[in-house]
Amino acid sequence: GYAPDFVKALVPWLPEIKAKGIKVVANAGGVNPRGCRDALAKAAAEAGIDLSIGVVLGDDLSAQADAIRARGQSEMFSGAPFPDDIWSMNAYLGARPIAAALDGGADIVITGR
């Protein structure tokens, strides 16, 4: 549900990220941002690097699908009706939650899609 290659690619850079105070923001969380955070936290702990990892949640709208469908929402370009069966439903939340995580001291912020 997340991008494991992001975690693998970032691990060699963790000492420099921490030492230089580099901030990293990535939408590598896919549909499981907590899982991405946990994998990265585990890799950082194994490397002996203490990082603060923020996660932006709230983009998963799957639980609201029935209510949105009931309001008659349709596809914005084709006008096709809202599908009966969806696999995922996500919204872009903008930069405010990312900025809040950084302001709160996060070294790395992981968002969903």
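The values are calculated or read from the model by the stated rules, or taken from the named source; none is laboratory data. Since the structure is predicted, the reported quantities are computational estimates derived from the model, not experimental observations. Every residue, glycine as well, gets a Cβ built from its backbone with ideal geometry; the counts of neighbours run over all protein chains shown.
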Looking at K18, is it exposed (fewer than 15 other Cβ atoms within 10 Å of the Cβ) and either within 20 Å of A95 (Cβ to Cβ) or not acidic (D, E) (or both)? no
Taking the residues in region 63-99 that are at pLDDT below 90 and of a type in the set (G, A, S) as candidates, determine which candidate is farthest from T111 (Cα to Cα). S88
Give all pairs with beta carbons closer than 7 Å in which a residue from region 57-84 that is exposed (fewer than 11 other Cβ atoms within 10 Å of the Cβ) meets a residue that is among the hydroxyl-bearing types (S, T, Y) and not in a loop (DSSP other than H, G, I, E, B); count only pairs at least 6 apart in sequence or on separate chains. A80/S74
Residue identified as surrounded by 15 or more Cβ atoms within 10 Å (Cβ to Cβ), free of Cβ contacts under 8 Å to residues at least 40 places away in the same chain and assigned by TED's automatic domain parsing to the domain that holds L102 among A26, A47, A39: A39
Note on region 1-51: residues at positive phi and modelled with pLDDT of 95 or more are G21, G48
Pick out the one residue from A39, A44, A9, A26 that is among the aliphatic types (A, V, I, L, M), in contact with a Phe, Trp or Tyr (Cβ under 8 Å, 6 or more places away or on another chain) and more than 22 Å from R96 (Cβ to Cβ). A39
